Amino acid sequence: KRQRFVDKNGRCNVQHGNLGGETSRYLSDLFTTLVDLKWRWNLFIFILTYTVAWLFMASMWWVIAYMRGDLNKAHDDSYTPCVANVYNFPSAFLFFIETEATIGYGYRYITDKCPEGIILFLFQSILGSIVDAFLIGCMFIKMSQPKKRAETLMFSEHAAISMRDGKLTLMFRVGNLRNSHMVSAQIRCKLLKSRQTPEGEFLPLDQLELDVGFSTGADQLFLVSPLTICHVIDSKSPFYDLSQRSIHTEQFEIVVILEGIVETTGMTCQARTSYTEDEVLWGHRFFPVISLEEGFFKVDYSQFHATFEVPTPPYSVKEQEEM
């Protein structure tokens with residue numbers, strides 16, 4: 001199976017190993033580390049943190065009641081306890097929950113005869129605010145991440161090479177399935193190919209830029225309907241000497257990166273895909289998918305990936321110029 005650097009769904013096949021002492025960097029940015037975790041680990045940490053914090057604070061209230069002797073005088077009406085109607089650990093836990101959640105049933109309440117309880121109450125309020133801000137903020141950021149928006153951005157399954165405007169052109173198609181726009185959408189292409197330098201150094205994943213309209217502004221997309229992205233193969237292109245014959249012996253990968261701002265949330269979204277040499281069709285062109293109906297333009301996504309053969313010279317641009 002052809003080893004890909006970037007899968008068709010945009011996932012990068014890179015694993016970091018032998019980090020050594022560098023793993024401490026993940027703890028220095030704990031918030032981002034928690035956001036990047038899988039949902040099951042996020043929920044586990046969320047539940048565990050609250051459970052431990054609640055049990056710890058309830059234990060502190062029980063310890064105060066135990067040290068003051070309130071547990072033995074729970075039914076003595078002439079005695080003023082630290083917290084009224086706290087006579088065991090479950091009642092201390094219920095008092096903590098009522099205070100933390102600001103429920104305030106009124107049956108259990110703190111009195112003014114307990115300075116240590118007042119200090120613990122202030123500490124509980126500060127600690128609860130910190131835990132709530134950290135964990136709820138982490139869950140909110142994770143739920144609002146624009147990764148799911150990238151699933152409604154489509155790329156054609158194949159890229160095609162054929163003549164357009166008298167020039168040999170590499171083409172692929174992008175589309176947006178939602179009615180909401182991608183603001184400031186921009187597309188970039190990278191060619192990943194191994195090569196050896198004149199000094200003998202081997203570069204397994206050398207990255208080269210493919211011009212998809214940077215000089216003309218064509219890389220800035222108005223993505224309201226499927227668009228065909230073009231890379232003109234000329235003397236400046238890495239595919240200058242690519243022909244129909246040599247494309248079957250070459251090994252390369254074209255990584256496509258589409259970035260934009262989600263209109264509804266204002267967050268930046270990135271969608272990725274890649275094309276290997278066996279996914280580039282020589283002498284093909286994409287079927288048209290837009291038709292004019294009564295008062296609107298209709299997009300037929302059933303033909304989004306479809307191509308058809310067109311007459312195309314089997315020679316590279318370099319060979320054509322030499323001939």
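The values are calculated or read from the model by the stated rules, or taken from the named source; none is laboratory data. On a predicted model such as this, the values are computed, not experimentally measured, just so you know. Positions of Cβ are backbone-derived with ideal geometry, glycine not excepted, and every protein chain shown enters the neighbour counts. Just so you know, the surface numbers come from the protein's heavy atoms only, side chains and all, with ligands and any DNA or RNA stripped out. Shrake-Rupley method; radii C 1.70, N 1.55, O 1.52, S 1.80 Å.
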Which listed residue, of L192, L170, L120, is surrounded by 14 or more Cβ atoms within 10 Å (Cβ to Cβ), in contact with a Phe, Trp or Tyr (Cβ under 9 Å, 6 or more places away or on another chain) and either small (G, A, S) or in the same structural domain as L55 (by the TED database) (or both):
L120
Taking the range 35-50 and keeping only residues that are farther than 27 Å from F96 by Cα and in contact (Cβ under 8 Å) with a residue 24 or more places away in the chain, one is left with V35, W39
Assigned to a helix (DSSP H, G or I), more than 21 Å from K113 (Cβ to Cβ) and touching a residue at least 60 places away in the same chain (Cβ under 8 Å): is that true of F56 in this structure?
no
Quick one: is V52 open to solvent by 40 Å² or more (accessible area, probe 1.4 Å), more than 30 Å from V35 (Cα to Cα), of a type in the set (V, I, T) and modelled with pLDDT of 85 or more?
no
Is one or more of the residues making up the range 255-272 in contact (Cβ under 8 Å) with a residue 24 or more places away in the chain, out of contact with any helix residue (DSSP H, G or I) (no Cβ under 7 Å at 6 or more places or on another chain), under 21 Å from D165 (Cα atoms) and surrounded by 14 or more Cβ atoms within 10 Å (Cβ to Cβ)?
no
Candidate set from the range 173-187 (those that are more than 18 Å from the chain's Cα centre (by Cα) and among the aliphatic types (A, V, I, L, M)); member that is nearest to K8 (Cα to Cα):
V174
I'm trying to understand the selection: among the residues of the range 33-45, which are under 15 Å from I141 (Cα atoms) and surrounded by 12 or more Cβ atoms within 10 Å (Cβ to Cβ)?
T33, L34, V35, D36, L37, N42, L43
Mind counting the residues in the range 143-167 that are touching a helix residue (DSSP H, G or I) at 6+ places or on another chain (Cβ under 9 Å) and open to solvent by less than 10 Å² (accessible area, probe 1.4 Å)?
2
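Would you confirm, using the coordinates I've provided, whether F287 is modelled with pLDDT of 90 or more, hydrophobic (A, V, I, L, M, F, W, C) and open to solvent by 70 Å² or more (accessible area, probe 1.4 Å)?
Values: modelled with pLDDT of 90 or more: yes; hydrophobic (A, V, I, L, M, F, W, C): yes; open to solvent by 70 Å² or more (accessible area, probe 1.4 Å): yes.
Yes.
Considering D219, D206, which residue is over 26 Å from F287 (Cβ atoms), outside the structural domain of A58 (by the TED database) and in contact with a Lys or Arg (Cβ under 8 Å, 6 or more places away or on another chain)? Full working, then the answer.
Numbers: D219 fails: over 26 Å from F287 (Cβ atoms).
Result of the check over D219, D206: D206.
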Check off (1) part of a strand (DSSP E or B); (2) of a type in the set (D, E); (3) open to solvent by 40 Å² or more (accessible area, probe 1.4 Å) for D278 and give me the number that stays unchecked.
(1)
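Considering each residue of the range 290-323, count those that are aromatic (F, W, Y), within 23 Å of L223 (Cβ to Cβ), outside any strand (DSSP E or B) and open to solvent by 70 Å² or more (accessible area, probe 1.4 Å), and give that number. Spell out how you get there, then give the answer.
As a first pass, look at the range 290-323 and keep what is aromatic (F, W, Y): 296-297, 301, 304, 308, 315.
Checking the rest, the ones that are also within 23 Å of L223 (Cβ to Cβ) come to 296-297, 301, 304.
When the remaining residues are screened for being outside any strand (DSSP E or B), the result is 296, 301, 304.
Going one step further and asking which of them are open to solvent by 70 Å² or more (accessible area, probe 1.4 Å), we end up with 296, 301.
Count: 2.
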Only one of these conditions is not met by R178: (1) in contact with a helix residue (DSSP H, G or I) (Cβ under 7 Å, 6 or more places away or on another chain); (2) open to solvent by less than 60 Å² (accessible area, probe 1.4 Å); (3) modelled with pLDDT of 85 or more. Which number is it?
(2)
Please state which one of Q251, Q244 is open to solvent by 80 Å² or more (accessible area, probe 1.4 Å) and not in a strand (DSSP E or B).
Q251
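Got at least one residue in the range 218-226 being of a type in the set (A, V, I, L, M) and in contact with a helix residue (DSSP H, G or I) (Cβ under 6 Å, 6 or more places away or on another chain)?
Of the range 218-226, the ones of a type in the set (A, V, I, L, M) are 218, 221, 223-224.
Okay, now just the ones that are also in contact with a helix residue (DSSP H, G or I) (Cβ under 6 Å, 6 or more places away or on another chain), so none.
Looking through the range 218-226, none of the residues is of a type in the set (A, V, I, L, M) and in contact with a helix residue (DSSP H, G or I) (Cβ under 6 Å, 6 or more places away or on another chain).
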Conditions (1) open to solvent by less than 60 Å² (accessible area, probe 1.4 Å); (2) within 18 Å of the chain's Cα centre (by Cα) -> L223 fails only (2)
